[in-house]
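Quick note: the coordinates plus some simple rules give every number you see, no bench work behind them. Predicted model only: the values in this text are computed from it and were never measured. Neighbour counts run over all protein chains shown; Cβ positions are idealised from the backbone, glycine included.
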Amino acid sequence: MASSGRFWLIRLISCLLGIALCFGIQSVAHMLGNTYYERLIILAGLYVTLAVSLNLINGITGQFSIGHAAFYQVGAYAAGFISVHYMTQLHMGGYAWMFLMVVVGGIAAAITGFTVGLPSLRLRGDYLAIVTLGFGEIIRIIVQNSDALGGSYGMKDIPKDYAIWAVWLLAATCIATCRNLLRSAHGLSFLAVREDEVAALAMGVNITRVKVTAFVIGSMFAGAAGALLAMFEGFVSPPMFSMDTSFIILTMVVLGGTGSITGSVIAACFLSYLPEYLRTLQDANHQALMISGASIVAGILSALGSAALLKRMLEHASNLKGRLIATGSSIAVLIVAKLALTPLLTLVKPMAEKQIPAEQLRMVIFALTLIVIMLIRPSGILGRSEFSLDWLKRVFMPNRRMATEL
Amino acid sequence: MHPSYLIVAGLDFTALPQQLVNGLLLGAIYALIALGYTMVYGVLKLINFAHGEVYMLGAYTALFTSWYFGFLPNLNQYPNSSFWILLIMLAGSMIVCAIIGVLIERFAYRPMRNNSRIASLITAIGVSLLFQYGGALFLPNSPPPSVAEKVNPFGGAFSVPIIPADAKLSEVVKATQPDYEQKKKDLEEYLASTGQEEFSSDPQVVAKRDAKQAAEQSYMDAKRKLETSGVKVTIQRGQLTMLLTAIVLMLGLRYLVLKTPAGRAMRAVSLDFDSAALMGINVDRVITWTFVIGSAMAGAGAMMTATFLGTPLTTQYGVQPGVKAFVAAVLGGIGNIPGAALGGILMGVAENLVVWIGFSQYRDAIAFVVLIFILLYRPGGLLGSAKVEKV
């Protein structure tokens with residue numbers, strides 16, 4: 001019983017630490033004292049939830065879904081609709097209402113996820129991808145044509161109510177759920193489905209139930225994030241949840257590493273900040289930075305070229321030294337190619353004359369990220385590795401092995 | 001008399017033939033695009049997500065070619081159009097698309113060939129987004145330009161009667177026409193002889209004008225009744241050209257695939273990639289040719305929609321047709337060339353039927369509904385083999 005007591009003690013401490021961390025993030029945001037930073041931190045938290053929940057479906061269970069924005073949308077509209085029509089009647093407000101809306105958004109998205117997942121998860125690989133994309137578009141088109149939800153103008157005047165700690169607490173809950181799931185017997189069956197469906201079936205795993213469970217949990221968290229988005233923005237409209245949003249979430253998962261929760265968190269924070277970073281870029285005269293078309297095309301071509309070169313060289317590199325040399329030389333190739341191509345392309349008049357604001361490069365950078373990551377490291381930056389403190393245990397207790405170490 | 005017996009359960013069946021014909025014409029274009037998806041899937045087992053963007057670039061090529069021939073936007077006087085300009089636009093779009101398709105294959109898909117299919121799919125999504133948003137930085141898209149209507153020498157439309165007009169009504173028209181013309185002539189002669197304006201308040205003029213208007217009213221009424229009494233189909237000459245070109249191209253493709261050594265190699269690679277390579281077929285070359293042909297077909301489709309339908313061009317131009325054509329390919333049985341043609345036409349018809357039923361705002365959703373049902377209940381497609389992939 002002593003070990004059980006210690007187990008719950010550790011759980012309790014990590015829960016408290018997690019909540020403390022969320023409030024810590026909030027107080028950091030308040031210290032920065034700027035609604036702009038608050039906004040960035042809230043969006044980062046929402047994207048972390050979205051990316052980790054998609055990773056549960058794509059990375060951990062291996063079911064390639066690319067319509068995640070649909071569940072985000074269902075959550076946002078469910079919470080928005082109920083807030084607009086019933087908030088005053090129910091005489092509620094504040095954190096209780098926010099909590100209720102997160103639950104409502106989560107449940108609405110989970111129901112949608114179940115309805116979508118049950119038939120489509122019979123498919124695999126690229127077909128599943130297309131069908132999830134299709135369901136996402138159908139949901140968006142239905143919302144767009146539904147007058148009760150505001151149609152293509154969107155839903156206005158949702159009572160605004162948000163808290164940074166709530167957004168990050170949702171993200172922390174999502175991370176904790178996925179992490180703890182992976183350490184349980186259920187989680188191992190998720191991994192078994194990813195590795196080999198037929199073998200998992202032979203071992204007695206109910207693969208349909210595993211897939212649908214992962215899909216429902218993933219969409220539930222996306223819906224809860226949507227509810228928080230609706231209450232943060234006070235306005236939702238169909239373009240906020242288009243195919244592009246799905247692809248942005250997918251890029252986060254792919255960049256961080258399909259299967260790595262840590263990777264998704266880092267990539268979500270990084271990629272949700274990227275557009276804001278591009279917007280703040282300035283030239284010498286403190287105007288928004290304009291980049292010449294020739295320079296952009298040169299950048300795209302040399303990035304793709306050097307990535308292809310790196311891939312080729314990594315295939316032949318046998319040890320760490322070889323890999324380092326390959327990486328170093330392809331970075332050198334990238335820089336040389338960029339420097340050489342820019343003046344060459346400046347000779348092409350329409351390209352040289354075109355001046356493009358840096359913030360318009362957002363989706364181009366996402367697209368390039370997808371291609372380059374697939375070329376040089378298809379498993380993503382972190383692969384399947386996770387941030388953990390296990391190495392500490394190994395240092396202090398060298399004779400104990402973790403039960404779930406894979 | 002309006003054929004009211006043709007309105008059943010709120011559906012106007014008199015409009016049905018027109019919608020079916022529109023669907024057929026649109027479906028021919030979907031079929032052309034679907035060929036590219038199905039051929040690439042046949043040899044590489046890859047959904048070429050960037051195919052819609054190849055189509056978009058084909059439409060822009062047609063736009064730039066028409067500008068080169070002087071059909072610039074907002075001109076008062078357009079140069080004379082000819083069949084040859086259209087042919088050059090078609091060839092230009094096909095060649096440019098073929099080159100882009102080959103480049104995409106060579107630099108994006110070939111390096112990924114040994115990786116998993118999901119990795120290739122993500123690459124394809126990346127390429128598609130890169131063209132959409134990279135293209136938006138350079139191509140004119142706001143306000144969306146469109147190919148000048150005047151470039152099309154096959155202007156105008158003609159009608160084909162399905163149910164002939166009521167004979168009694170045509171006699172009424174014939175009876176009222178001389179009266180109307182007589183009254184009109186009276187008024188004009190009187191005005192010419194007295195030198196008055198048509199809308200003067202002279203009682204003589206007012207009387208003649210009222211008489212003319214009454215006669216005109218009854219003549220026009222009779223004419224309108226005559227027109228709506230039958231059922232007919234109106235076809236734009238440009239759209240007909242589109243259909244004929246699509247048929248010629250598809251027959252050409254069929255000959256290429258079935259009767260030439262290159263086509264045989266293509267079928268062999270599609271049947272079994274590794275064995276084909278062992279039999280001495282240069283697989284890389286076959287894949288390159290697959291992309292050449294598939295992309296050229298998309299280019300032809302793009303040039304024709306841009307020219308004959310006059311749709312405004314944006315860099316998202318290829319997204320919806322691309323999705324619908326992909327669904328068409330799956331519907332017909334992906335990897336199956338006649339299936340792609342059949343699926344394209346069915347998709348075009350289905351889309352127009354949705355419009356006819358009155359759900360025109362859902363015309364873009366029908367593709368996905370069809371896709372989901374076909375994948376769930378007949379994953380092999382209509383003409384494909386219904387084998388389910390295991391492992």
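Quick notes
- Packing-based exposure ordering (other Cβ within 10 Å, fewest first) of B:Thr311, A:Thr342: B:Thr311, A:Thr342
- Sorted by Cβ density within 10 Å, fewest first, the residues A:Lys160, B:Lys184: A:Lys160, B:Lys184
- Region B:241-368 - Debye-derived log10 I(q)/I(0), Cα point model, q = 0.14, 0.15, 0.17 Å⁻¹: -0.73, -0.82, -1.00
- Gaussian network model of chain A, springs between alpha carbon atoms under 10 Å - residue of A:Ile291, A:Ile373, A:Ile57 with greatest fluctuation: A:Ile291
- Efficiency of FRET from Cβ geometry, A:His286 and B:Asp12, R₀ 60 Å, rounded to 0.05: 0.45
- For region A:1-101, the alpha carbon positions stretch 52, 39, 33 Å along the principal axes, listed from largest to smallest.
- Out-of-range pairs (alpha-carbon distance over 27 Å; input B:Lys45/B:Lys259; B:Lys150/B:Lys212; A:Lys160/A:Lys211; A:Lys349/B:Lys150): B:Lys150/B:Lys212; A:Lys160/A:Lys211; A:Lys349/B:Lys150
- Chain B: most fluctuating residue of B:Pro73, B:Pro321, B:Pro178 per GNM, C-alpha cutoff 10 Å: B:Pro178
- Taking only the C-alpha atoms of chain B, Rg followed by Dmax gives 26.9, 97 Å.
- For region A:247-379, the alpha carbon convex hull comes to 122 Å³ per residue, rounded to a whole number.
- Counting only the Cα atoms, region B:46-186 fills a convex hull of 212 Å³ per residue.
- Summary of packing: across the peptides A:352-359, B:325-332, the per-residue average of other C-beta atoms within 10 Å ranks them, highest first, as B:325-332, A:352-359.
- Average beta carbon contacts from partner chains per residue of A:247-259, 10 Å cutoff: 2
- Our summary gives chain B a relative contact order of 36 percent, counting only alpha carbon pairs under 8 angstrom and 6 or more residues apart.
- Histogram of C-alpha separations across region B:165-229, 10 Å bin width, %: 23, 39, 23, 13, 1
- Size of region B:334-380 from its Cα atoms: along the principal axes, largest to smallest, the extents are 33, 21, 12 Å.
- Cβ-based net charge around A:Leu56, under 12 Å, with every Lys or Arg adding one and every Asp or Glu removing one: +3
- Under 5 Å from the amide H of B:Leu313 lie the amide H atoms of B:Ser146, each residue being 5 or more positions distant or on a separate chain, with H modelled from the backbone and absent for Pro and chain starts.
- The string of couplings for region B:101-112 from the Karplus curve (6.51, -1.76, 1.60, θ = phi - 60°) is x, 5, 4, 4, 5, 5, 9, 10, 8, 4, x, 8 Hz, one whole number per residue in order, with x for Gly and Pro.
- Each residue of region A:71-84 was assigned a 3J(HN,Hα) from its phi angle through the Karplus expression (A = 6.51, B = -1.76, C = 1.60, θ = phi - 60°), giving 6, 4, 5, 4, x, 4, 6, 4, 5, x, 4, 5, 4, 5 Hz with x at Gly and Pro.
- Considering all different alpha carbon pairs of region A:149-269, the Kirkwood hydrodynamic radius works out to 16.5 Å.
- Among A:Thr115, A:Thr346, B:Thr290, the ranking by other beta carbons within 10 Å of each residue's beta carbon, starting with the fewest, stands as A:Thr115, A:Thr346, B:Thr290.
- All other residues whose Cβ lies under 12 angstrom from that of B:Gly344 are scored, Lys and Arg at +1 and Asp and Glu at -1, for a net of 0.
- Rounded to two decimals, the Cα radius of gyration of the protein assembly as shown over 2.2 N^0.38 Å is 1.12.
- A quarter of the convex hull surface defined by the alpha-carbon atoms of chain A gives 25.5 nm² as the mean projection.
- Taking one quarter of the surface of the convex hull spanned by the alpha-carbon atoms of region B:296-349 gives a direction-averaged projected area of 3.9 nm².
- Estimated D of region A:207-318 in µm² per second, where Rh is the Kirkwood radius over Cα pairs and Stokes-Einstein applies at 20 °C, 1.002 mPa s: 119 µm²/s
- Backbone phi angles across region B:240-256, fed through the Karplus curve with coefficients 6.51, -1.76 and 1.60 (θ = phi - 60°), yield HN-Hα couplings of 5, 4, 4, 4, 5, 4, 4, 5, 4, 4, 5, 5, x, 5, 4, 4, 4 Hz in residue order; Gly and Pro are listed as x.
- Among the residues of A:120-128, the average count of other protein chain beta-carbon atoms within 10 Å of the residue beta-carbon is 5.
- Percentage, to the nearest whole number, of Cα pairs in region A:321-370 over 12 Å apart: 75 percent
- Largest mean-square fluctuation among B:Leu87, B:Leu371, B:Leu253, in a Gaussian network model of chain B whose springs join Cα atoms under 10 Å apart, belongs to B:Leu87.
- Relative contact order of region A:61-127, defined on C-alpha pairs under 8 angstrom at six or more residues apart (%): 54 percent
- Ranked by the mean number of other Cβ atoms within 10 Å of their residues, highest first, the peptides B:237-248, B:101-112, B:56-67 come out as B:56-67, B:101-112, B:237-248.
- Per the Cα gyration tensor, region B:300-391 maps to an equivalent ellipsoid with semi-axes of 25, 16, 12 Å, ordered largest to smallest.
- Residue mean of other protein chain beta carbons inside 10 Å, A:135-147: 3
- Neighbourhood net charge (13 Å Cβ-Cβ; Lys/Arg +1, Asp/Glu -1) for A:Thr369: +2
- Whichever aspartates and glutamates have a C-alpha closer than 18 Å to that of B:Lys223, once near sequence neighbours (fewer than 8 apart) are set aside: B:Asp166, B:Glu171, B:Asp179, B:Glu181
- Near A:Met155, the amide H atoms lying under 5 Å from its own belong to A:Val236, A:Ser237; only residues 5 or more places off or on other chains count, and H is placed 1.01 Å from N.
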